[in-house]
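*Asks:* Starting off with a structure, shown below.
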Amino acid sequence: MSDGSAAAGTVVHVPLGERAYDIHIGPGALAQAGEILKPFAPQGRVAVVADRTVADLHLGALEETLGAAGIRAQTILVPSGESSKSMRILEQVLGALLDLRLERSETVIAFGGGVAGDLAGFAAAILRRGVRCVQIPTTLLSQVDSSVGGKTGINAPQGKNLIGAFHQPASVIADVSLLDSLPERELRSGYAEVVKYGLLGDAAFFEWLEANGAALLAGDAAARTEAIAVSCRAKARIVVEDETEAGNRALLNLGHTFGHALEAATGYSERLLHGEGVAIGMALAFETSRRMGLCAGQDAERAAAHLRACDLKTRLADIPGDLPSAEGLIELMAQDKKASGGKLTFILVRAIGQAFKTQEVDLDVVRAVLSDELTAKDAAA
Ligand code: GLY
């Protein structure tokens, strides 16, 4: 799949008409930020909404490239962690941006993982009815998923991501070298979202990941660049076809209906990271598809085997601590914002690389899959 050229970096274009943008991917891409941002900094400054931990590690490098391009960075730090996707922190960020007198022609940079990206993207979407946002994602998860496609938002007491807006970035800069400072568990969790692109629509990419996933996880910059580029191209294709998720964009939620319920059941805590929930969710989606006679058992086994080989969780038994009953988990699924008209939407599969969206799922099958998994978990305890 790779001709080796990706090692030096690559650009994926997202052709969304007036809102088209480029995703710059590669080792050292951060050093290009100054040049890339020049047209977006008419007053010679940008506001940077930065995750505090990321800022400690990488803000200096960002300021250096911006400074070399004559751009001043005015930074607003936000605490690391999901709790920053709250009304309270959003209000603080908006207040700080207004204090900076950021104008509509200016730019907010989101610097961090999915939390900083969603929060800063949403602040940019609603500040003065919308200012430009440039995403500089620093985790694998945000480089392959959340920084691309324009979903922004915060959490509500009623659930995750329930308050938000579609606001496409003006540019995305994904520097794969920044992944070197990512904790191992977070890297693996993000990798689940990479595998997702293979499983949902690209069997050849899945096969490539089976061969190259270990190198990617071990730090191979060319493999990382290639995998992120393929993932972003896949996401761009889907987003261009269905920007606001009226149809096929929902395929990007493969594994998420189960995964979100498991995240809710574990209190969005260290017990289960988002990508870990997605990995288990994808294994359960394949198993549900197999039991419904939609997909071959060997495909379900192959999908789970690769996730396991990359040290990802695939079973409910892999989650520490107690879980709700099968019925309780189904109730949590029903609270997902993707439920429509009271019906649950599932992304199921016909084979590796062939996902589809359906509301025609026999909940007895889902209940049986979950019950069997819970029984296996009890037996393993
Ligand atoms: N993360 C799923 C989407 O962007 O649609």
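The values are calculated or read from the model by the stated rules, or taken from the named source; none is laboratory data. The structure displayed is predicted, hence computed values, not measured ones. Don't worry about glycine lacking a Cβ; one is built from the backbone with ideal geometry, like all the others, and counts go over all protein chains shown.
*Asks:* Could you identify the single residue in Arg315, Arg233, Arg291 that is among the basic types (Lys, Arg), in contact (Cβ under 8 Å) with a residue 60 or more places away in the chain and touching a strand residue (DSSP E or B) at 6+ places or on another chain (Cβ under 8 Å)?
*Replies:* After applying the criteria, what remains is Arg233.
*Asks:* Something else about it: How many residues are within 30 Å of Val230 (Cα to Cα) and over 28 Å from the mean Cα position of the chain (by Cα) if we restrict to the range 353-381?
*Replies:* The number of residues fulfilling the criteria is 0.
*Asks:* Turning to a different aspect of this structure: In the range 25-39, which residues are surrounded by 17 or more Cβ atoms within 10 Å (Cβ to Cβ) and either polar (S, T, N, Q) or under 18 Å from Ser147 (Cα atoms) (or both)?
*Replies:* If the condition is that a residue be surrounded by 17 or more Cβ atoms within 10 Å (Cβ to Cβ) and either polar (S, T, N, Q) or under 18 Å from Ser147 (Cα atoms) (or both), then Ile25, Gly26, Pro27, Ala29, Leu30, Ala33, Ile36, Leu37 are the ones that fit.
*Asks:* Which ones in the range 218-243 are in contact with a helix residue (DSSP H, G or I) (Cβ under 7 Å, 6 or more places away or on another chain) and either away from the ligand (no atom under 14 Å from the Cβ) or modelled with pLDDT under 95 (or both)?
*Replies:* If the condition is that a residue be in contact with a helix residue (DSSP H, G or I) (Cβ under 7 Å, 6 or more places away or on another chain) and either away from the ligand (no atom under 14 Å from the Cβ) or modelled with pLDDT under 95 (or both), then Gly219, Ala221, Ala222, Ala223, Arg224, Thr225, Glu226, Ala227, Ile228, Ala229, Val230 are the ones that fit.
*Asks:* Something else about it: Which residues, counting only those in the range 259-291, are more than 16 Å from the chain's Cα centre (by Cα), buried (at least 23 other Cβ atoms within 10 Å of the Cβ) and over 18 Å from Asn155 (Cα atoms)?
*Replies:* Ala283, Leu284, Ala285, Phe286, Glu287, Thr288, Ser289
*Asks:* Does Arg185 count as over 27 Å from Tyr21 (Cα atoms) and either surrounded by fewer than 20 Cβ atoms within 10 Å (Cβ to Cβ) or of a type in the set (Asp, Glu) (or both)?
*Replies:* Taking the combined requirement at face value, the residue satisfies it.
*Asks:* Conditions first: (1) away from the ligand (no atom under 16 Å from the Cβ); (2) assigned to a helix (DSSP H, G or I); (3) crowded, with 18+ Cβ neighbours inside 10 Å. Glu210 passes all but one, so which condition is the exception?
*Replies:* That leaves (3) as the condition not met.
*Asks:* In the range 164-189, what residues are more than 16 Å from the ligand (Cβ to nearest atom) and among the hydroxyl-bearing types (Ser, Thr, Tyr)?
*Replies:* Ser171, Ser177, Ser181
*Asks:* Within the range 63-70, identify whether any single residue is assigned to a helix (DSSP H, G or I), surrounded by fewer than 18 Cβ atoms within 10 Å (Cβ to Cβ) and among the hydroxyl-bearing types (Ser, Thr, Tyr), and answer yes or no.
*Replies:* Checked against the condition, which is being assigned to a helix (DSSP H, G or I), surrounded by fewer than 18 Cβ atoms within 10 Å (Cβ to Cβ) and among the hydroxyl-bearing types (Ser, Thr, Tyr), the range 63-70 yields no hits at all.
*Asks:* Please go through the range 41-62 and pick out each residue that is in contact with an Asp or Glu (Cβ under 8 Å, 6 or more places away or on another chain) and surrounded by fewer than 21 Cβ atoms within 10 Å (Cβ to Cβ).
*Replies:* Within the range 41-62, Pro42, Gln43, Arg45 qualify.
*Asks:* Right, next: Going by the conditions given, is Phe122 over 15 Å from the mean Cα position of the chain (by Cα) and within 27 Å of Arg350 (Cβ to Cβ)?
*Replies:* no
*Asks:* When the range 140-182 is examined, which residues are found to be among the β-branched types (Val, Ile, Thr) and surrounded by fewer than 24 Cβ atoms within 10 Å (Cβ to Cβ)?
*Replies:* Passing the criteria: Ile154, Ile163.
*Asks:* Taking the residues in the range 120-163 that are in a strand (DSSP E or B) and on the phi > 0 side of the Ramachandran plot as candidates, determine which candidate is nearest to the ligand (Cβ to nearest atom).
*Replies:* Asn161
*Asks:* Which fully enclosed helices (runs of 4 or more DSSP H) of the range 244-363 have 2 or more residues being modelled with pLDDT under 95 and within 15 Å of the ligand (Cβ to nearest atom)?
*Replies:* Counting at least 2 such residues, we get 256-265.
*Asks:* Here's something else I'd like to know. So, in the range 164-198, exactly how many residues are at pLDDT 95 or above, more than 19 Å from Gln32 (Cα to Cα) and not in a strand (DSSP E or B)?
*Replies:* 19
*Asks:* Also: Considering the range 114-146 alone, what residues qualify as being touching a residue at least 60 places away in the same chain (Cβ under 8 Å) and touching a Pro at 6+ places or on another chain (Cβ under 7 Å)?
*Replies:* Within the range 114-146, Val134, Gln143 meet the criteria.
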